[in-house]
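The values are calculated or read from the model by the stated rules, or taken from the named source; none is laboratory data. No experiment lies behind these values; they were computed from the predicted model shown. All Cβ positions, glycine included, derive from the backbone under ideal geometry; neighbour counts span all protein chains shown.
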Amino acid sequence: MQNFLRISSYILRYRKLVGLSIVCAIVVSLFWALNLSIAFPVVKVLFQNDSLHEFVDQEIEGLQASIREDELALANIPHQDVKQRAKIQYQVGEESRQLLLLTRIRNSVLPHVPRDKFDTMAVILLVLLAATLLKGLFIYYQEMLVGSVVQLTVNAIRQDCFRAALKLDSQTLSSIGTSTLMSRMTNDIEQMTNAIKVFGVTLVREPLKASACTALAFYVNWRLALLSVTMVPLLGLVFNFFGRRLRRASHRTMESMARIYDCIAETFGSARIVMAFSGFRKHRKKFLQANRDYYVGSMKIVRLGALSRPISEIMGVLGVFAALGPGAYLVLRETDSILGIKLATAPMSIAELATLYALLAGTLDPVRKLSSVFEQIKRGMAGSDRVFSLIDMRTAVPEPKSPRVMIPHQSLISLRNVSFRYDGTDVEGSLRPLALRNVSLDVKFGEVVAVVGGNGSGKSTLLSLLPRFMDPVEGQILIDGVDIRELRTQDLRSQIGLVTQETFLFNDTIFENIRYGNPSATREMVVEAANRAQAAGFISQLPDGFETIVGEKGGKLSGGQRQRIALARAIIRNPSILILDEATSAVDSQSEDVIHAVLKSFSVNRTVFIITHSLSSAFLDLVTRVVVMDQGQIVATGTYDELVRTAPAYSRLLQAETTHFRAA
Ligand code: ADP
Ligand code: MG
């Protein structure tokens, strides 16, 4: 419910359109009720009299006569009998009102109505037709107006969703998962769209129609109309019952939809592995399971929907019967009370009853429509819960309130007692172990630091803290004496170039992929960066050169080529801090040599961190210091020669890694 209120804050941006649509809805409902109530009396009049004029004249005469009678009677009633006098005075009032109305009709409407009965009928049919056409026109406008408001609203919400997700830190993002995000921004929003649409169209128009009919029904005979209204609370109970179940079912369905997304993304995201290992069966099975869950959930929703419609219809018919049964009794027995309870001012005519019936049935139709949109609304509410919970998510890496001005890094990067623990729990439910424990390290501007250590020793984690992909749980990181939490993340990251083992290229041209590192770069700068990354050679041999589209994740290029484009992307950023996370582990030794050569010239006047397994002599040439990590701790630092001399245990580790990699 709360989220529905939030949706309305979006909708209110378009309040003019909303207002217009409501006006349209009001017009539609008026036409609806008038169409229903006009036909019966007129037809009756036509079949019992010679013409409308004659009927009206007769009625007026009748009224005048009874008013005269009443006045006479009044004169004979003693002044003390206040009750009797009041009753007759009331009757006179009523009759005078009707008389006034009829006289008005006679003077203003009847002159335009033909005297011939068939002609009158034809005019009435034409009026009905025109009214229906007008009603249709207003229905059209209402739906168009609501449709545009809905689309505008949903667009805005989807935009906010995307923006909110972009603001999240990497841990939160990976715990949500891409498939869930996709599901939120497509499926859930779609559900929401449907709900808002029926909200704006059906939920505004149908109750108006119903209340217009109800109001007229009360006008015709309020006692009988009241009888049928007693069914309303019962109807409410039924809606509530179905509503709660629908919400639960829809929640489960959406979850299985996210699993379907997961399965598709996983299977076709690594299609080659699936093919190579003939994993079709396994994936098919997983998909089957998710698909079946979705089916079960959807069927539950279908069943609830299918049940709720007839049930609410039955309730509605019961409501009509509650009025019609006694009504029919009054007409057929020509009386005005049942069991001594007065139900009508005078014995009802069949026309009155028929009109009442038409109006109550006219109330029923909107109710039936409402009950079918109920399901959509409930689904939409469940969807909006999920969408807004995404919009409300807050990053674990908050921006500083009053950020410090970042000056280009030029003296010292300093890690002080930094510890880090990944969120979540392990299988036994206890917290994950610390991925970094009390790490302290000072790196002077211009150093080239090699970070080595076994798998899972915390190297990547350590260097992810620098661009604030996440924040340490303890300790702090200072760049030139400023805690990086006091800098705007955008400023901080603009200083950092990052190349990872898995190079992420976007499915765009090589040119755009390089320029991604610096959106304001000119063509010359892109070419220059490609040159420095020694990528220009192979790019010029591609048929489209820089305009070559690299394919999804850069799939149309070789690993070494991808890596050099990623390097060019980091180079064009001209970062003061360069981080390479196993940038050369996935490429052949030739590309590796090229990358080392590139680094040799590019690392001048920057601070460079290189996570690596390979300590070839060309590489060692480049590196000013080696940091050895083990189980989340720095266990040794120094130049390679120092480490070999002072820490034989680690030097064995280093050598083992060197030879291991070389052999592989
Ligand atoms: P390295 O890069 O040295 O191989 P990492 O820094 O990637 O090691 O990982 C250090 C530890 O943190 C490992 O035990 C790993 O299992 C854990 N770890 C890494 N990434 C995550 C993550 N996203 N969620 C939970 N644990 C993680
Ligand atoms: Mg790693």
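Observations, loosely collected:
- Within the stretch 245-268, the only residue that satisfies the criterion of being over 20 Å from the mean Cα position of the chain (by Cα) and closer than 18 Å to Q191 by Cα is R245.
- Here the condition is being farther than 28 Å from G362 by Cα, at pLDDT 85 or above and of a type outside the set (K, R); of D50, D57, D81, D116, it holds for D57 alone.
- Scanning the stretch 315-371 for residues that are more than 22 Å from L30 (Cβ to Cβ), touching a Lys or Arg at 6+ places or on another chain (Cβ under 8 Å) and not in a loop (DSSP other than H, G, I, E, B) gives K342, I350, S371.
Here's the yes/no breakdown for (1) surrounded by 18 or more Cβ atoms within 10 Å (Cβ to Cβ); (2) modelled with pLDDT under 75:
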| residue | (1), (2) |
| --- | --- |
| A306 | no, no |
| S312 | yes, yes |
| L318 | no, no |
| L370 | yes, no |
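- Selection of the stretch 449-466 for residues being in a loop (DSSP other than H, G, I, E, B) and more than 8 Å from ligand 1 (Cβ to nearest atom) yields L465, L466.
- Flag if T132 is of a type in the set (S, T, N, Q) and either touching a Leu at 6+ places or on another chain (Cβ under 7 Å) or not assigned by TED's automatic domain parsing to the domain that holds L34 (or both): no
- Looking only at the stretch 437-470, residues that are within 15 Å of ligand 2 (Cβ to nearest atom) and surrounded by fewer than 17 Cβ atoms within 10 Å (Cβ to Cβ) come to 3 in all.
- The residues of the stretch 579-594 that are buried (at least 23 other Cβ atoms within 10 Å of the Cβ) and either under 20 Å from L557 (Cβ atoms) or not assigned by TED's automatic domain parsing to the domain that holds S457 (or both), listed by number, are L580, A583, T584.
- Filter result for T500 (in contact with an Asp or Glu (Cβ under 6 Å, 6 or more places away or on another chain) and farther than 28 Å from V628 by Cα): no
- Of all the residues in the stretch 546-558, those that are within 38 Å of the chain's Cα centre (by Cα) and not in a loop (DSSP other than H, G, I, E, B) number 5.
- Cross-chain or 6+ apart pairs with Cβ under 9 Å, the stretch 432-448 first and without any contact (Cβ under 8 Å) to a residue 24 or more places away in the chain and assigned to a strand (DSSP E or B), then within 16 Å of ligand 2 (Cβ to nearest atom) and among the polar types (S, T, N, Q): none
- Restricting A521, A530 to those that are surrounded by 15 or more Cβ atoms within 10 Å (Cβ to Cβ), in a helix (DSSP H, G or I), more than 16 Å from ligand 1 (Cβ to nearest atom) and among the hydrophobic types (A, V, I, L, M, F, W, C) reduces the list to A530.
- In summary, A586 fulfils each of the numbered conditions (1) of a type in the set (A, V, I, L, M, F, W, C); (2) under 21 Å from G446 (Cβ atoms); (3) within 16 Å of ligand 1 (Cβ to nearest atom) with the single exception of condition (2).
- Every condition in (1) within 14 Å of ligand 1 (Cβ to nearest atom); (2) in the same structural domain as D621 (by TED's automatic domain parsing); (3) assigned to a loop (DSSP other than H, G, I, E, B) is met by E502 except one, and the failing one is (2).
- Every condition in (1) within 16 Å of ligand 1 (Cβ to nearest atom); (2) in contact (Cβ under 8 Å) with a residue 60 or more places away in the chain; (3) surrounded by fewer than 16 Cβ atoms within 10 Å (Cβ to Cβ) holds for I477 except the one numbered (3).
- Only one entry of L17, L52 meets the criterion of being of a type outside the set (V, I, T), in contact (Cβ under 8 Å) with a residue 24 or more places away in the chain and over 30 Å from Q159 (Cβ atoms), and that entry is L52.
- Given (1) modelled with pLDDT under 85; (2) within 30 Å of S211 (Cα to Cα), number of the condition L74 does not satisfy: (2)
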